[in-house]
1. Suppose R0 equals 41 Å; then what is the FRET efficiency for residue A:83 and residue A:407 from their Cβ-Cβ distance, rounded to the nearest 0.05?
2. Counting only helical runs of four or more DSSP H residues, what would the 222 nm mean residue ellipticity of chain B come to if each run contributes -39,500 (n - 2.57) and the total is spread over all its residues?
3. Compute the distance in nm between two label points, each set 7 Å from the Cα along the Cα-to-Cβ direction, one at residue A:296 and one at residue B:30.
4. Once you order the gyration tensor axes a ≥ b ≥ c over the Cα atoms, which shape class does region A:404-461 get: rounded for a/c under 1.5, otherwise prolate or oblate by comparing a/b with b/c?
5. Report the dimensions of region A:360-436 along its three principal axes from the alpha-carbon atoms, largest first, rounded to Å.
6. Between residue A:205 and residue A:500, what is 0.36 nm times their sequence separation minus the Cα-Cα distance? Round to one decimal in nm.
7. Divide, for region A:439-490, the radius of gyration over alpha carbons by 2.2 N^0.38 Å, where N is the residue count.
8. If you average the C-alpha positions of region B:179-194 and of region A:308-352 separately, how far apart do those two centres end up, in angstrom?
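Any read-out appearing in this document is the output of simple, stated calculations on the displayed coordinates, not a laboratory observation. Just so you know, these numbers come straight off a predicted model, no measurement behind them. FYI the Cβ positions are ideal-geometry reconstructions off the backbone, even for glycines, and counts take in every protein chain you see.
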């Protein structure tokens, strides 16, 4: 047990760190960082002032994570300068950053589920009296910080029993327990419902008023417009620009981030809506994530599902593929009613599904490209004799073909799936859609975690499929994506369909107005499922 | 971004396991031969071939389930039970039906028992979804108990000589019969793992059950048959070992549990599932057999052998951790 006696009260007692608004807290100049031949950051510039919320904006893989890891000492940097509180920093470690008052709330939670809130808050920095833990003292401090943040949390509750949003609050409380002058939040709303997120925004704004410098990593537009004072845009590891949020429009930001205008970015997909291929009638899911769903999926058009995280849109796709049992209602595909639905049955009814979670459901990570590309088509005559013996040459040539067609960058056919980058993994998964004949393609978050180039290629696949007369369904949390890719958009909120927009009706205003509840929050119960 | 995934064709981490084991086996043989030339005498080489062939089957039984990210702690108990019951069948049928039919019935019974024991494990793992460690730990105890009970705890003697001849002493083209059977089974297993849909699915589900399920595979069915295969392979080991000892032994397989896992793991099967080829039980069986016979020739205390097996298992698991590091 080490005596760790930083004075945690400094910030709490006075309520304000000793920084005047506008004072520069962090200054990075011409920072470079590479991993081997891969340049993660090039010529990075960044400045954080006291009393501002500074958003880091960029695609996945743009270098945001590397940048914040350098700031808080998890990673070193190769060249350039880093000044913290007006002192040059040569070597930074997480412990040093913590001592100096730089706190980070990671995307992945750093809490220990089996411990209580209180134990987690002091983890590694326990207060001691002699050899004993100073429990009363710690309890007092926990109450102080929770009161300050306005969190109604029981310090003795086990973290395992808390909801994700409350775990997030514990993370923030943990960061603020010590004299914190810089707070870094890495996509803090990723797992929160809107209400929880709104509560978090209030807290962040209060902290800004207290004079903290806040680095906020996100690529969600509504949050950025609400919170940001300044935005620094990164693209492919390069510094693009730092802009004042007040005089920058969303379109301009996206243009900075992608290096393209909206019109160039999303392909124009010709719509030629044909027969109905799939129909949901009054479908309610057993797990309660979605209820009373009725809609139809048609050939030759893209149907989009929009809504906030946790609204049930991805469960709809999972239900269509037989991964979510129904409690009532029915799904029909063509003229067959899909009873006792399963992925196997879905595939045999020419339904193809691409899960959002590549790592657990999409790809067998230690298997090679060939095995991953054909796994859903092993019963097909193309790849096996009577579903028993593999036709390996056919598999091989198929894998070669899709590598070329989808431009998958790989060390070779026998490379394992986990040797590929995010975008190439996604493309490998999509290759499955070409392994046998399908009519319906279900994409759950088709471009999450992929780089821009791969994103464009995936959009191109969607375009090709749709124009070939297939039915395509996309569920996406990225508003721009679902808006620009779909011909028809179904908006979901708290597990229910709240609107369907067609053709020209699909506008940002129309979508957003459906996203948020207008009536009294009577349907709370439905929202409690996550 | 994708540049970082490019690797040179000469990736030592990929090649090393393929060279390491043959070299280690040769090293062990050379080391013991230097101490005791009898190690490479004709008789001893035949002995090594026979012993490692017998041992190959339990290691292979282990491999099939390790690929599915499982375990089979009951292989040894399976060997014992098969030994006892098939011996009892043979000795009881022998007087009435003659050697040929008696031996045939004994072998068939043995294989059927192996399949049945495998099916019990498979049903509990795949359909009842109980952790394979717990399932096979329990069935290990159950099968051993049954083997001891039916035999009354005593060996079953007076097996037909034809049985020992057919499954142990016979030679085909100068090769001992256990080696011939091991070769044929190894080939069949290799074929199953690499050329059939079932084999492919075992690897995929070993990597991730969800991926196989989303890929439309019947996960439970394939998992079930992996345990049945494992049971049959253990039964073959049980029959061959019985033919070698010449009697049905209720504790024939007791020491095989740990060593079979050690052989599969040191041979290159990963406990994380999804990997491992037929070379794993082959190399693993050869390595452990050579070590064990070498130690016997050096008259090293037999009680030290479990120490060596344990060390090999840890070493193999460490190699596995090294190979899969960073994934």
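1. Working: r = 42 Å, r/R0 = 1.03.
Calculated value: 0.45.
2. Numbers: 12 runs with 234 residues, N = 327.
It lands at -24500 deg cm²/dmol.
3. Between residue A:296 and residue B:30, the label points sit 7.6 nm apart.
4. Values: a/c = 1.81, a/b = 1.23, b/c = 1.47.
Here region A:404-461 falls in the oblate category.
5. 35, 26, 19
6. On the way: separation 295, 0.36 × 295 = 106.20 nm, distance 3.46 nm.
Taking 0.36 nm per residue and subtracting the Cα distance, the gain is 102.7 nm.
7. Numbers: Rg = 10.5 Å, N = 52, 2.2 N^0.38 = 9.9 Å.
Ratio of Cα Rg to 2.2 N^0.38 Å: 1.06.
8. Centre-to-centre distance over Cα atoms comes out at 41 Å.
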